[in-house]
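One structure, as structure tokens, below. Some questions next.
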Amino acid sequence: MIILPLPFMDVMIIEGYRKNPDAAHKTINYLITSTNQQKVAAEAISSIAVDILNRCQRLSDIVEIANQLVWIPSPPPKELGVVLPEFLEISQDVRASEEATSLYRQYELLNIPITVLCQLRQSLVLTKNARVAVSFGNTAQNWLTILETAQRTLEEQAQQSKEIRQVYIAGNSLDPETAKNHFKGRIDIFREIETFALSEQPPVLLLYGGRRTGKTSALKYLPYRIGSDIVPLLVDLQGAASATTLKGLAENLAQQIIEAARRLPRTVNLPYPDAKKLAEDPFPALQTWLTEIERSNRSKRFLLCLDEYERLDEVVKATSSRAPLNFIRNLLQHHQNWILLFSGSHELSELDDYWSDYLINTRALRMTYLQESEARDLILHPVENFTNIYEPTAVDAIIQLTRCQPFLIQLVCYELVESLNGDVRKNQGNADTVKATAQNVEEIIPQVLARGVQYFRELWTRV
């Protein structure tokens, strides 16, 4: 028990850390575990963290942050709050960018941490803790400058490269923060969603279609394609369905709704539901919470997009309760400013009969393949200022092979670029003179079948 105060102890630990980090760690651990000076230790940890974050001058410094701060206890001192974990996640995102396979992909992946930093800087301006606002606000601005400078350099290097830029994305759903203009078409879908959402008595919307047709991508781009009076909130029920209790499901739904609102182009800060009421009776607590949100935003309509909606069936069976579906029914009947959009690969007629009892007045929107003009746009203009690498016969061959299925177009074009770049490296050529032919498209079919084996297996099984 140390009775007397220890003036300047935190300052000495900070100074000592710069010369001997191990000794500083041991001192901090001793103060935490063997004395009553935890407050001094917390102040030292916070100041060291801020000092390390502010010392970053290059992209490589930001990448190393996660390693440098791995010793900080979890949860971190309250002075660091949720801010430090955000900086650590940004560091990991920057590392992911550095490990990307091409200069242009590195450039694209930096969009994620840059966007997060902009949002973090904005939230720090509104915080009530002046010390945190100043310390971490300066860090956010410094990191933002480093990342934006690095991104400009990567863009210049990518443009000067002899290889073709690999810009096609054959994988998970497209994210507006990283994929930007990769998403093509679907204007009719966006128009119908907006029209129904703004109608006097909007129906339940069901967006359905085969796997990899772009349903989730469309929902992610929805906030950028409809008016500001509609607030789309995307919830992934595949993740929510991992909950084994009704309380867990309700908490997951609330958390995803809050995070979705924060990620919107125009951020919407929603309150948290009452934790005590949520634990006692989850779904009535959610209903009360949605009512509060509705009252605070009377000029808005909230479009709750439940992706992979079929997963709710698993929750109903796991919990032996239809409380989630009763919650949905209540939402439809008593919350005029909340509109439901279900998204999945099945129509209601393919699910158990009880679904039709809960979802009356449903309007189905089918997600099919792209129109040919949209498919050609995706092939020739996947991003702005993309060099035309195709002979007209190659584009025709891709259209014929894929039937304008968006995932297959991305996959074929991805493998085609990889193949052409292999020829460029082998023959010491230049991407400016390379043109893909119909024969090149035929030659990469085995690679397409191998890479897309999961898609084709599922497609064959469903048929």
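Could you figure out which of (1) outside any strand (DSSP E or B); (2) out of contact with any Ser or Thr (no Cβ under 9 Å at 6 or more places or on another chain); (3) touching a residue at least 60 places away in the same chain (Cβ under 8 Å); (4) within 25 Å of residue 364 (Cβ to Cβ) isn't true of residue 315?
(2)
Inspect the range 314-323 for any residue being among the hydrophobic types (A, V, I, L, M, F, W, C), in contact with a strand residue (DSSP E or B) (Cβ under 9 Å, 6 or more places away or on another chain) and modelled with pLDDT of 85 or more and give the result as yes or no.
Taking every residue of the range 314-323 in turn, none turns out to be among the hydrophobic types (A, V, I, L, M, F, W, C), in contact with a strand residue (DSSP E or B) (Cβ under 9 Å, 6 or more places away or on another chain) and modelled with pLDDT of 85 or more.
When both residues are 6+ apart or on different chains and their Cβ atoms are under 6 Å apart, which pairs have a first residue that lies in the range 446-457 and is farther than 15 Å from residue 172 by Cα, and a second that is surrounded by 10 or more Cβ atoms within 10 Å (Cβ to Cβ)?
Going by the 6 Å Cβ cut-off, the qualifying pairs are 447/415; 448/411; 448/412; 448/415.
Residues being among the polar types (S, T, N, Q) and at pLDDT 95 or above: count how many of those fall in the range 374-404.
Residues meeting the conditions: 3.
In addition: Hey, does the range 21-44 have a residue that's part of a loop (DSSP other than H, G, I, E, B), open to solvent by 60 Å² or more (accessible area, probe 1.4 Å) and at pLDDT below 75?
yes
If you check 314, 308, 350, which single one turns out to be of a type in the set (D, E, K, R) and closer than 25 Å to residue 267 by Cα?
Testing whether each residue is of a type in the set (D, E, K, R) and closer than 25 Å to residue 267 by Cα leaves just 308.
Go through the range 96-118 and give me each residue that's assigned to a loop (DSSP other than H, G, I, E, B), in contact (Cβ under 8 Å) with a residue 12 or more places away in the chain and in contact with a Leu (Cβ under 8 Å, 6 or more places away or on another chain).
110
Looking only at the range 318-326, decide whether some residue is hydroxyl-bearing (Ser, Thr, Tyr), open to solvent by 10 Å² or more (accessible area, probe 1.4 Å) and in contact (Cβ under 8 Å) with a residue 60 or more places away in the chain.
So the first thing to find is which residues in the range 318-326 are hydroxyl-bearing (Ser, Thr, Tyr), and the list is 319-321.
Add one more test, that the residue is open to solvent by 10 Å² or more (accessible area, probe 1.4 Å), and what stays is 319-321.
With in contact (Cβ under 8 Å) with a residue 60 or more places away in the chain added as a condition, the list becomes 319, 321.
Looking through the range 318-326, at least one residue is hydroxyl-bearing (Ser, Thr, Tyr), open to solvent by 10 Å² or more (accessible area, probe 1.4 Å) and in contact (Cβ under 8 Å) with a residue 60 or more places away in the chain.
Now a separate question. What's the number of the condition residue 117 fails, among (1) open to solvent by less than 50 Å² (accessible area, probe 1.4 Å); (2) at pLDDT below 90?
With respect to (1) open to solvent by less than 50 Å² (accessible area, probe 1.4 Å); (2) at pLDDT below 90, residue 117 is out only on (2).
How many residues, within the range 159-174, are of a type in the set (S, T, N, Q) and modelled with pLDDT of 80 or more?
Here the count works out to 3.
Can you name the residue in the range 125-141 that is modelled with pLDDT of 80 or more and open to solvent by less than 50 Å² (accessible area, probe 1.4 Å) and, of all such residues, is nearest to residue 169 (Cα to Cα)?
Within the range 125-141, the first condition is being modelled with pLDDT of 80 or more, and the residues that meet it are 136-141.
Those left that are additionally open to solvent by less than 50 Å² (accessible area, probe 1.4 Å): 136-137, 139-140.
Working: 136: 34, 137: 34, 139: 33, 140: 30 Å.
The qualifying residue nearest to residue 169 (Cα to Cα) is 140.
Report, by residue number, each residue of the range 327-357 that is over 26 Å from residue 298 (Cβ atoms), out of contact with any strand residue (DSSP E or B) (no Cβ under 6 Å at 6 or more places or on another chain) and surrounded by fewer than 18 Cβ atoms within 10 Å (Cβ to Cβ).
Result: 346, 349, 350, 351, 352, 353, 354, 356, 357.
The values are calculated or read from the model by the stated rules, or taken from the named source; none is laboratory data. From a predicted model like this one, the values you see are computed outputs, not experimental measurements. Cβ sites come from the backbone with ideal geometry, for glycine too, and all protein chains shown count toward neighbours. Remember, those area values only see protein heavy atoms, side chains included, never the ligands or the DNA or RNA. Shrake-Rupley method; radii C 1.70, N 1.55, O 1.52, S 1.80 Å.
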